Amino acid sequence: MHVSRRIVLHFPPNITGQPVVYRLVKDFGLTFNILKASVSPGEEGLLVMDLSGEQNSYDKGIKYLTEVGVEIQSLSKDVVRDESRCTHCGVCITICPTEAFSLESETRQVLFDHNKCVVCGLCVKACPPRAMILHF
Amino acid sequence: MAKTIAEINEKIRKGKAVVLTAEEVINIAKGKGVSRAAEEVDVVTTGTFSPMCGSGVFLNIGHSRPRIKLGGGKVCLNDVPVYTGIAAVDIFLGATAIPDDDPRNKFYPGEFNYGGGHVIEELVAGKDIRLTATAYGTDCYPRKKLETLINIKDINEATLFNIRNAYQNYNVGVNLSDKVIYTYMGVLKPNLGNAHYATAGQLSPLFNDPYYKTIGVGTKIFLGGGVGYVAWHGTQHNPTALRGDNGVPRRGAGTLAVIGDLKQMKPQWLIGTSMLGYGCTLTVGIGVPIPILSEEILRYTMVTDADILAPIVDYSEAYSQMKPDILGEVSYAELKSGHIKIQGKDVLTGSLSSYPKAKEIAGILKKWIEKGEFLLTEPVASLPGAESGITFKPLKERPIVEWEQNARLQKNSTSLPA
Ligand code: SF4
Ligand code: SF4
């Protein structure tokens, strides 16, 4: 079975120099799409990515990550918008740190680009009708 | 040529009325010229969809067997306390009420996930609501406890009565301090990190009739997806607020009190709302039709976002401490561009009101009128205008000792022998 999940990886300073992600591809045959990265050698690092592959290899890859000391947060956590509750007010636009929301100038609808979302959760509580929902 | 509401209604009945939204009228009237447009256009529809705390519902739940007197007792709907200080089985559910066990801002910022506004939304949606009540018991109302489900379709009346809605203009909220603040204007980021505004601008009802020349007591409106009426001027109605040359207020000014039968309203136009760190409220949809009785009235409806100015207010200090200072004014056109300049800084803007929903409301009202389903009403009384001298006063605090002294003086004077 093929799986694809969005994950947040926290790297302790001692392994930020290692080719961890490269090994995910090479040794486990996984594919990834990095959504946000702030990793510099010798410092604590953060990586948000979509990781996909066969369930079997995926599990092995995750196991490898934990073994080398990477902390995996909110595995498969995801923020989605309940379209029926969104009023298109636009208050989330100024809240989101990754500019996942934008205003369509013609209709003034508020667009949500799921791919830009790093699941920080800020909009979930700031959205007045609570249209942004955190899935675990 | 001046028209009357009766003449316009005649055209509506025949399905011949020319109706435009407050957005459409701008370009059409510019194209045709004001005098031709005033003759051709009969009604301009407006709309707004925004959190409005001055909202609530009166409910008459019917008498239980044996009877219970809820008046003076304690009643909750889905754990949200309601006001009982009225007749035996009448209660009032306010939009900002929250359950007693809600932690409020104890864990700052409080989430305020469920309150009166949410109960109203669920009531309108036809969901069963849990009513729990205790009463003191009387000879004619002996029962002391009641726990039951209620449903909007079974209870006698459910009357939405919003004592203050549809504010004519509003502040743009910003934060000059160095920490995040949680306000009814949303989450305001430190050091001018964002700016939030809150009206639909050119589509908003009172911006299109700035001197309340057509909107008055008894005006029939779109309210929460159904039909309602303007009941009175809203609380804090401030017609003497600073105005521009075009008559449009440059500060928070007029407000409306509105009323309507909740049973015919729709949950998508009455949405339970949570303001992080602030509280619960209700987002209300309102649309007001403006009869084009003259060129003057038409000219008011041609107002554009560029003509409407709003004051920028610091909510970390000026607002909370009741200081009159503002950081300048911006037009709604600038606000809607997504960025404004404040003290030389480029600041991202966000809105609490929904412009697309306001437009949808104006469009629905337009359809109702075009199809002949919605006739206009003649106001039975005017709203207080700029000439009334009514202003929005702050509270004048007076020490309670004064009252005690007065009471003592009175007692002394009455006990003196004649
Ligand atoms: S704050 Fe919520 S309701 Fe408003 S536009 Fe964003 S997601 Fe939609
Ligand atoms: S959770 Fe919300 S605020 Fe955070 S990145 Fe995703 S969309 Fe933006």
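Taken together, B:Lys371, B:Lys336, B:Lys357, B:Lys411 contain a single residue that is within 30 Å of B:Val258 (Cα to Cα), away from chain A (no Cβ under 14 Å) and basic (Lys, Arg), which is B:Lys371.
Which residue, of B:Lys266, B:Lys323, is within 14 Å of chain A (Cβ to nearest Cβ) and basic (Lys, Arg)? Break it down into steps so the answer makes sense when it comes.
Working: B:Lys323 fails: within 14 Å of chain A (Cβ to nearest Cβ).
Result of the check over B:Lys266, B:Lys323: B:Lys266.
Report the residue count in the stretch B:304-333 for those that are in contact with a helix residue (DSSP H, G or I) (Cβ under 6 Å, 6 or more places away or on another chain), surrounded by fewer than 20 Cβ atoms within 10 Å (Cβ to Cβ) and closer than 16 Å to B:Ala241 by Cβ.
The qualifying residues number 0.
Taking the stretch A:62-112 as the range and being open to solvent by 40 Å² or more (accessible area, probe 1.4 Å), under 24 Å from B:Ile271 (Cβ atoms), within 15 Å of ligand 2 (Cβ to nearest atom) and in a loop (DSSP other than H, G, I, E, B) as the test, the residues that pass are A:Asp82, A:Glu83, A:Arg85. Of all the criteria given as (1) within 12 Å of ligand 1 (Cβ to nearest atom); (2) aliphatic (A, V, I, L, M); (3) over 28 Å from B:Ser274 (Cα atoms), the one not satisfied by A:Ala131 is (3).
Please work out if A:Arg81 is basic (Lys, Arg), near ligand 1 (Cβ under 9 Å from one of its atoms) and in contact with a strand residue (DSSP E or B) (Cβ under 6 Å, 6 or more places away or on another chain). In short, yes.
Residue by residue, here is whether (1) of a type in the set (Phe, Trp, Tyr); (2) over 18 Å from B:Phe374 (Cβ atoms); (3) more than 14 Å from chain A (Cβ to nearest Cβ); (4) assigned to a helix (DSSP H, G or I) holds:
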{"position": "B:Gly260", "(1), (2), (3), (4)": "no, no, yes, no"}
{"position": "B:Thr273", "(1), (2), (3), (4)": "no, yes, no, no"}
{"position": "B:Thr283", "(1), (2), (3), (4)": "no, yes, no, no"}
{"position": "B:Ile290", "(1), (2), (3), (4)": "no, no, yes, no"}
{"position": "B:Glu296", "(1), (2), (3), (4)": "no, yes, yes, yes"}
{"position": "B:Val303", "(1), (2), (3), (4)": "no, yes, yes, no"}
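Just give me the residues in the stretch B:28-74 being among the hydrophobic types (A, V, I, L, M, F, W, C) and either closer than 22 Å to B:Leu376 by Cβ or within 14 Å of another protein chain (Cβ to nearest Cβ) (or both), in sequence order.
B:Ile28, B:Ala29, B:Val34, B:Ala37, B:Ala38, B:Val41, B:Val43, B:Val44, B:Phe49, B:Met52, B:Cys53
If you go through the stretch A:113-130, how many residues are assigned to a loop (DSSP other than H, G, I, E, B) and either within 10 Å of ligand 2 (Cβ to nearest atom) or farther than 17 Å from B:His196 by Cβ (or both)? So that I can check it myself, show each step before the final result.
Step one: of the stretch A:113-130, the residues assigned to a loop (DSSP other than H, G, I, E, B) are A:113, A:117-121, A:127-130.
Right, trim to either within 10 Å of ligand 2 (Cβ to nearest atom) or farther than 17 Å from B:His196 by Cβ (or both) and you get A:113, A:117-121, A:127, A:130.
The total comes to 8.
Picking from residues in the stretch B:353-384 that are open to solvent by 30 Å² or more (accessible area, probe 1.4 Å) and of a type in the set (S, T, N, Q), the one that is farthest from B:Tyr197 (Cα to Cα) is B:Thr377. The set of residues from the stretch B:76-125 being buried (at least 20 other Cβ atoms within 10 Å of the Cβ), without any contact (Cβ under 8 Å) to a residue 40 or more places away in the chain and of a type in the set (Gly, Ala, Ser) comprises just one member, B:Gly94. Which residue, of A:Thr94, A:Thr87, A:Thr66, is at the interface with another protein chain (Cβ under 8 Å from one of its Cβ atoms) and without any contact (Cβ under 8 Å) to a residue 12 or more places away in the chain? Checking each option against the conditions leaves just A:Thr94.
The values are calculated or read from the model by the stated rules, or taken from the named source; none is laboratory data. Please read all numbers here as calculations on a predicted model, not as lab measurements. Methodologically, a virtual Cβ is constructed for each residue, glycine included, from the backbone with ideal geometry; neighbour enumeration extends over all protein chains shown. All accessible areas refer to the heavy atoms of the entire protein, side chains included, with ligands and DNA or RNA removed. Shrake-Rupley method; radii C 1.70, N 1.55, O 1.52, S 1.80 Å.
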